[in-house]
Amino acid sequence: MTALKTTRDTPSVSVEASREKFQAYLSEQGLRVTNQRLAIFDAAHAQKEHFTAEELLEKARQIDDSVSRATVYRTLPIMTESHLLREVDIGSGEKYYLAATTGGSQVAQVVCVDCDKISEISAPFMEWYGSTVSLKLGLKPVSQRLQVSAQCIAFRSTGRCPNRTKKK
C-alpha cells in the first residue's frame with residue numbers, strides 16, 4: 001500500500017453504468033471485451049484511494065489470476081481516454097489513478113509534499129476559468145488540471161505526519 005490516500009464521496013455515476021461505458025468504449029475502439037479487462041475495471045473501481053499500476057495489477061489478479069502486467073499497462077490509457085479513470089502525476093515519476101465517479105465534474109488535487117497524500121476537492125470554477133482565459137487568447141480548452149503542493153502542518157510542528165505510512 002502506498003502513502004497516497006484520498007477520501008471519496010458517494011459516487012454520482014454508478015459502477016454498473018461506468019462498466020457499460022467501458023464495454024461500449026472498447027467496442028467502439030475495435031477492442032475486445034475480455035475477462036482480464038473487466039477484472040482490471042472492477043479492481044480499479046473497487047479502490048477507495050489512489051493507486052498505482054502495480055497495485056492495480058495485484059488487485060486485478062485477485063479477481064482473475066490470468067491478468068498480466070502488460071494488459072494492465074495497456075488498459076490504463078484506455079480507461080483514462082474514456083474518462084473512467086483520472087490519472088494523477090505528482091512529479092515523483094510514478095503515476096497514480098482514481099476511478100472517475102463524479103460524472104465529469106472538475107476536481108483539484110492537493111498533494112502533501114511530506115507524505116504524498118493526495119486529497120481531491122470539487123472545483124467547479126475550473127471549467128469557467130479555463131474557458132474564460134482560453135477565449136481571451138483565441139483558444140479552446142481541451143484539458144486542464146489544478147494541483148497544489150502543500151506541506152503537512154502537523155509534520156512541520158511535531159515531526160510526525162498522521163498520514164505518513166512509509167519513509168521518504
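Details
Yes/no per residue for (1) loosely packed, with under 13 Cβ neighbours inside 10 Å; (2) among the polar types (S, T, N, Q); (3) within 28 Å of Met126 (Cα to Cα); (4) without any contact (Cβ under 8 Å) to a residue 24 or more places away in the chain:
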{"residue": "Gln47", "(1), (2), (3), (4)": "no, yes, yes, no"}
{"residue": "Phe51", "(1), (2), (3), (4)": "no, no, yes, no"}
{"residue": "Glu58", "(1), (2), (3), (4)": "no, no, no, yes"}
{"residue": "Leu85", "(1), (2), (3), (4)": "no, no, yes, no"}
{"residue": "Gly93", "(1), (2), (3), (4)": "yes, no, yes, yes"}
{"residue": "Ala108", "(1), (2), (3), (4)": "no, no, yes, no"}
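- Just so you know, in the stretch 1-33 the residues that are hydrophobic (A, V, I, L, M, F, W, C) and modelled with pLDDT under 90 include one that is nearest to the chain's Cα centre (by Cα), and it is Leu4.
- Restricting the stretch 62-101 to residues that are of a type in the set (D, E, K, R) and closer than 11 Å to Arg37 by Cα, the residue that is nearest to the chain's Cα centre (by Cα) is Arg74.
- Within the stretch 33-55, the set of residues being in a helix (DSSP H, G or I) and aliphatic (A, V, I, L, M) comprises Leu38, Ala39, Ile40, Ala43, Ala44, Ala46, Ala53.
- Selection status of Ala43, modelled with pLDDT of 95 or more and either out of contact with any strand residue (DSSP E or B) (no Cβ under 9 Å at 6 or more places or on another chain) or surrounded by 12 or more Cβ atoms within 10 Å (Cβ to Cβ) (or both): yes
Let's see how each residue does on (1) exposed (fewer than 13 other Cβ atoms within 10 Å of the Cβ); (2) in a loop (DSSP other than H, G, I, E, B); (3) at pLDDT 80 or above:
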residue	(1), (2), (3)
Asp65	yes, yes, yes
Ala70	yes, no, yes
Tyr73	no, no, yes
Thr102	no, yes, no
Ser134	no, no, yes
Ser157	yes, no, yes
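The values are calculated or read from the model by the stated rules, or taken from the named source; none is laboratory data. Quantities reported herein were computed from a predicted structural model and do not represent experimental measurements. A quick note on method: Cβ atoms are made from the backbone with ideal geometry, for glycine too, and the neighbour counts reach across all protein chains shown.
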